[in-house]
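Each value in this text was obtained by applying a stated rule to the coordinates, not by laboratory testing. Everything numeric here is computed off the predicted structure, so don't read it as measured data. FYI the Cβ positions are ideal-geometry reconstructions off the backbone, even for glycines, and counts take in every protein chain you see.
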Amino acid sequence: MPLPTPPSKLGSLLPPDEYKAKARPAKAAKKSAEGDASTAGDYGPASVAQPMIEAANTAAPLRAVASSAPDAASAPARGRKTRQTAALLQPLQAPAEPAAPVVARNDKPAAAKPAATPARDAGAATKSRSRKPAEAELQKLFVLDTNVLMHDPSSLFRFEEHDVYLPMMTLEELDNHKKGMSEVARNARQVSRTLDALVADGGPISDGIPLSRLGSRDALGRLYFQTKLADIAPVEGLPEGKADNQILGVVRALQRDRPDRQVVLVSKDINMRIKAHALGLPAEDYFNDQVLEDSDLLYNGVRELPQDFWTKHAKGMESWQDTKTGTTYYRVTGPLVASMLVNEFVYLEPQNGEPTFHAIVRELNGKTALLQTLRDYSHHKNNVWGITARNREQNFALNLLMNPEIDFVTLLGQAGTGKTLVALAAGLAQVLDDKRYNEIIVTRATVPVGEDIGFLPGTEEEKMQPWMGAFDDNLEVLQKTDDAAGEWGRAATQELIRSRLKVKSMNFMRGRTFVDKYLIIDEAQNLTPKQMKTLVTRAGPGTKIVCLGNIAQIDTPYLTEGSSGLTYVVDRFKGWGHSGHVTLARGERSRLADYASDIL
């Protein structure tokens, strides 16, 4: 005969009447509702119901003891009646997770802790299940190489909730690089000051120092230093005196001594990461300052419109013309507007004899965009210091460079695309003709392609002159544009240009403020994001900054296309109403240079 439904609570906690009502089958409960009283015989044989009633009337509370297969084997003396009673006294559980049966005993007078109710058990089980993924994932412990700290002095606070570990050799290398006026030396000194501020409050260093102590809300981890030097075994087969090998030994020792943590080496040195992987140690690059992993995804500032653009965006379109400048404005609404950015160039290839459409996104308001047609600098009457645009992208670039409302311009492109020429021509036209700016300041990162040539004699401008060969070449081209001036006129023009064009070193830019200046930063791909921030923040009222570069020609160690300062500002400034960007795609230097760029 099948057993009745078990009660939801132990019998010792319920009066007999309630116990009967809880354990009564559904058919008996219906009869009771109609006034038909049921008896204990409804439950089945008397041999099963009688022990349950006796247990309910017992004054001593019951203790729930979970039975298992070994207990049943070790106590064969228990009769069938006891096992049936145990089955009836088991607490009610969820059907998906049946609980182990319990045995009611009253041989011990000690009070037992009441069993948890099914609702609590279910909640506890849910809470336990939600904790399993977090417990399975080990907390990371990042071991920083020295080049990470010298690349980004604030890297200590970029690892969010994870902990940071500094080997003793990292501190030694920081001390060796702190002298000098270079950017690396300044970063090393800044890291040393940060570490001194972290340990100044005292407390045991071995317990870790909270990184949030200096007010960083994102850094929730702790900073650990290497406090034991004798336990670090050298890596077999590698020279012991090299700093990189000692750091690898620290990582391997941490991996052995801290199995509860996921130890990861962070380094900007590619060979260091390769050696770590060869030794079976996890290693990563420092990704915090990387804008994107694939340079092909970088914003290029130009968008080609589909041929059905006017069909899909004609509803509610408004257009008007500025009679002073001849500029036409279009206010359009449609599905493509949501993906547009302010100061992004759009164009529509001509078909069926229609004219070419070139415009810039001037304003965005929800699903509505304001498009403004461009000035055609490819026409000779609109030449800039004798230079006309040779392709579509150069025309876009000159519209940005000649617009006084644009304060920050970035131009990317391969060799020979005309970046320096159009930037210099626009600067000369606005300094000497329009009187919009007082002078042109030219600077660049002094990173050699080959070996360093050593110290250079002379003043600051004379020391920078070997790095400014590209500007000298373009100045010669610009001076030849005025053939009617003659030899004397070209000499006078050259002297005038030299008086308004200053060459400055980046090493002396800190603390300066440029007012009404046209600043050109050449070879900007060799700058770190921190250096780029230092230069861009020098701009005062009325200053325009133009950044030129080719991210495929990076000469600075530890810099990649994704972590370059030029990539950084292109991504961060896109969509701002006073900045613009164009990637020049077509080479205009010569047919030899174009062919060499394609095949080499």
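At a glance:
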{"quantity": "Gyration tensor (alpha-carbon) shape descriptor, the stretch 303-373, a/c threshold 1.5", "calculated": "rounded"}
{"quantity": "Relative contact order (%) - criterion: Cα under 8 Å, at least six apart; region: the stretch 139-284", "calculated": "29 percent"}
{"quantity": "Virtual spin-label span in nm between Ile599 and Ala185, 7 Å along Cα→Cβ", "calculated": "4.8 nm"}
{"quantity": "Dipole in debye (nearest 20) - the stretch 165-289, about Cα centre, beta carbon charges: Lys, Arg +1; Asp, Glu -1", "calculated": "160 debye"}
{"quantity": "Value of relative contact order over the stretch 303-373, rounded to a whole percent, pairs C-alpha under 8 Å and six or more apart", "calculated": "31 percent"}
{"quantity": "Relative contact order for the stretch 235-339, counting Cα pairs under 8 Å that sit 6 or more residues apart, in percent", "calculated": "14 percent"}
{"quantity": "Distance in nm between pseudo-label sites at Asp196 and Ser216 (7 Å out along the Cβ direction from Cα)", "calculated": "1.9 nm"}
{"quantity": "Too-long pairs where the Cα-Cα distance tops 18 Å, listed order kept, from Lys419/Lys544; Lys502/Lys544; Lys315/Lys367; Lys178/Lys275; Lys381/Lys544", "calculated": "Lys178/Lys275; Lys381/Lys544"}
{"quantity": "Contour minus Cα-Cα distance for His277 and Arg512 (0.36 nm per residue)", "calculated": "80.1 nm"}
{"quantity": "Calculated P(r) of the stretch 522-600 - Cα pairs past 14 Å, %", "calculated": "68 percent"}
{"quantity": "Anisotropy class of the stretch 139-284 from Cα gyration tensor, a/c 1.5 cut", "calculated": "oblate"}
{"quantity": "GluC sites (Glu not before Pro) restricted to DSSP loop in the stretch 172-266 with at most 11 other C-beta within 10 Å", "calculated": "Glu236, Glu240"}
{"quantity": "Rounded FRET efficiency, nearest 0.05, which uses the C-beta distance separating Ile270 from Glu495 and R0 of 45 Å", "calculated": "0.40"}
{"quantity": "Sequence ranges 501-513, 561-573, 542-554, ranked by mean other-Cβ count within 10 angstrom, highest first", "calculated": "561-573, 542-554, 501-513"}
{"quantity": "Local electrostatic count, Arg392, Cβ distance below 13 Å [Lys/Arg +1, Asp/Glu -1]", "calculated": "-2"}
{"quantity": "Cβ-based net charge around Ser597, under 12 Å, with every Lys or Arg adding one and every Asp or Glu removing one", "calculated": "0"}
{"quantity": "Virtual spin-label span in nm between Glu405 and Lys435, 7 Å along Cα→Cβ", "calculated": "2.5 nm"}
